[in-house]
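Following: one structure in structure tokens, then a few remarks.
The values are calculated or read from the model by the stated rules, or taken from the named source; none is laboratory data. Everything numeric here is computed off the predicted structure, so don't read it as measured data. In this analysis, Cβ positions are derived from the backbone assuming ideal geometry, glycine residues included, and neighbour counts consider all displayed protein chains. Heads up: the accessible areas ignore ligands, DNA and RNA and are worked out on the full protein's heavy atoms, side chains in. Shrake-Rupley method; radii C 1.70, N 1.55, O 1.52, S 1.80 Å.
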Amino acid sequence: MVKTAVLVSGGGTNLQAIIDANILGEIKNCELTAVISSNPEAYALTRAQYAKIPTYIVDKNIFPNRDSFTQAIVNKLNDLDIELVVLAGFMYVLTERFTKEFKNRVINIHPALIPAFCGDGYYGIHVHEKVLAFGAKISGATAHFVSEVTDDGPIIMQKSVDVLEDDTPETLQRRIMEQAEWKILPQSISLFCEGRLRVEGRIVHIKEATNESN
């Protein structure tokens, strides 16, 4: 079983999707070892507690800078012997210390089809506002490995979602979560934990399932 930690900051809807998929057996060979929150008030902690997943708080506000906060996160992950890190609504960009320590072992979900509508400033509802302002007809979600550059790591999975004429940022956000994010994030976690992902440069190769992983 791959020891997995989920980093959160807020409500934890993506965390709930992971929990639900794990309960249903859709995520294979994964041990949800920890949920670590940068915010002591995050509802995601309650979701984890209901699911009997150990929770930890690394409060961003008590650290003087990004370097010290990053080091505290890395220390906690190493203390727990974490093999895979999942960013699920984690609202802070950590330093290269984190991405180098866990190279190709950190999965993030982005609410758009990378390389469109991504990078610095493209997070949360702002992504969907910009999609609608641009007049895009298709958006979606991308599960990718995290690199030193925001939203630039190798892509694991993508799923498209139509943009409707009467969409608001809120309705588009909800539909992308339901139809894309909550599907491909658990699937990507399972692929990693099954040992079915191989990264070559920017390309993520997905191996066929074996009898052992079925």
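The share of accessible area on the chain that comes from carbon and sulfur is 50 percent, using a 1.4 angstrom probe. Dipole size of the chain about its Cα centre, with +1 on Lys/Arg Cβ and -1 on Asp/Glu Cβ: approximately 340 debye, rounded to the nearest 20. Taking the Cβ-Cβ separation of Asn104 and Thr171 as r and a Förster radius of 30 Å, what is the calculated FRET efficiency to the nearest 0.05? Calculated transfer efficiency: 0.30. By the rule of a C-alpha distance below 21 Å, with chain neighbours fewer than 8 residues away ignored, the lysines paired with Lys52 are Lys3, Lys28, Lys76.
Within the straight-line cut-off of under 12 Å between alpha carbons, the aspartates and glutamates reachable from Lys207 are Glu194, sequence neighbours fewer than 8 places apart in one chain being disregarded. Per residue, the accessible area of region 68-170 comes to 46 Å², computed with a 1.4 Å probe over protein heavy atoms only.
Along the axis of the charge dipole computed for region 88-213 (Cβ charges of +1 for Lys and Arg, -1 for Asp and Glu, origin at the Cα centre), the listed residues Val149, His205, Ala88 are led at the positive end by His205. A cysteine counts as unpartnered when no other cysteine's C-beta lies under 4.7 Å of its own; in the chain this applies to Cys118. Estimated from helices alone, the mean residue ellipticity of the chain at 222 nm is -9500 deg cm²/dmol (sum of -39500 (n - 2.57) over DSSP H runs with n ≥ 4, per residue).
Largest to smallest in accessible area, the residues Asp79, Asp167 fall in the order Asp79, Asp167 (1.4 Å probe, all protein chains included).
The solvent-accessible area of Met1, taken with every protein chain present and a 1.4 Å probe, is close to 140 Å².
Would you mind calculating the relative contact order of the chain from Cα pairs under 8 angstrom and at least 6 residues apart, reporting the percent as a whole number? Could the numbers behind the result be given before it?
Working: 405 pairs, mean separation 43.4, N = 214.
The normalised contact order for the chain reaches 20 percent.
Here's the picture: charge each Lys and Arg Cβ at +1 and each Asp and Glu Cβ at -1 in region 58-214, and of Phe69, Val161, Ile125 the one pushed furthest to the positive end of that dipole is Phe69.
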